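Notes follow the structure.
What follows draws every value from the coordinates through simple rules; no lab data is involved. Quantities reported herein were computed from a predicted structural model and do not represent experimental measurements. Glycine also receives a Cβ, built like all others from the backbone with ideal geometry; neighbour counts cover every protein chain displayed.
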Amino acid sequence: MHYNVLRREIAAFKAQVETPMSTAPDHMSTHESESDGRNQSLKVYLNGTIVPREQAFVSVYDAGFMLGDGIWEGIRLYNGKWAFIQDHMDRLY
């Protein structure tokens, strides 16, 4: 996708989302969140197959890994609100 098209798409997305959750130092980040046992049985769609999370990996020879020719960002939704949406959009912009 052309860079300017991507910028417009991201700007349009930003305009549609609700106010992001606080990223103040006293706010718990997703990396500090409590463990959730439901994630132990998580399934992942990988290369056309649904696999257990333990089998979900990307080869070090994958073009996206070796050449950086892809974009991946996991954005979480909590109680109908995007978590840390501004931080995510800043990384993608």
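Quick notes on this structure:
- Amide proton proximity set for residue 44, modelled H, under 5 Å, gap of 5+: 51, 53
- Between residue 55 and residue 9, the modelled label-to-label distance comes to 3.0 nm, taking each label 7 Å out from Cα in the direction of the beta carbon.
- Estimated distance in nm for a label pair at residue 46 and residue 79, the labels positioned 7 Å out from Cα along Cα-to-Cβ: 3.3
- Remark: spin-label model distance residue 35-residue 65 equals 2.6 nm, labels positioned 7 Å along the Cα→Cβ axis.
- Sequence of 72, 82 once ranked by neighbouring C-beta atoms within 10 Å, starting from the fewest: 72, 82
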